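No value in this document is a laboratory result; all are computed from the given coordinates. Owing to the predicted nature of the structure, the values given are computational and were not obtained by experimental measurement. Counting neighbours? That spans all protein chains shown, and the Cβs are built from the backbone with ideal geometry, glycine included.
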Amino acid sequence: MKQNKNFEKSRENYKNFQAFCEPFLKLKKEGKTETVNDCLIAVYKQQGTTVLKKYEDWRAEGKRIKKGAKGFYLWGQKETKVINNQIVTFYPMLVYFSDKQVF
């Protein structure tokens, strides 16, 4: 039951992130930006972020994520998987943390 709630929450987060990125996708289609992630990084920098790295990368540097830190999302490379005997293509949401969130 809990796993189903987590799946639904993940699906909701994914849809919300897609909606948030719609204006950036429009800019990409108009040729005004190289990638949607470039726009996202610009927004994150306006919020004071200077360096973004995945959890594993910070850990490899001996850093720890501060308790309660919320990640910054970026889109990953397109993936294709077989789910319930259907081929599904999607862009995964990747979670990054900033230099302000580690110690």
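Across q = 0.13, 0.15, 0.16, 0.21 Å⁻¹, the chain modelled as identical point scatterers on its alpha-carbon atoms has Debye log10 I(q)/I(0) values of -0.61, -0.79, -0.88, -1.23, in the order of the q list.
Work out which GluC sites (Glu not before Pro) in the chain are exposed loop sites (DSSP not H, G, I, E or B, at most 11 other Cβ within 10 Å) and give the longest gap free of them. The answer is 62-103. Checking every one of the trypsin sites (Lys or Arg not before Pro) in the range 1-86 against DSSP loop status and a limit of 14 other Cβ atoms within 10 Å picks out 32, 64, 66, 67, 70, 78.
Enumerate the residues in the range 1-41 having an amide nitrogen under 17 Å from the point lying 7 Å beyond the Cα of residue 81 toward its Cβ. Only 3-15 fall inside the zone, counting backbone N under 17 Å.
The dipole here belongs to the chain: it is taken about the Cα centre, uses +1 on the Cβ of Lys and Arg and -1 on the Cβ of Asp and Glu, and is about 400 debye. Put in order of Cβ neighbour count within 10 Å, fewest first, the listed residues 52, 94 become 94, 52.
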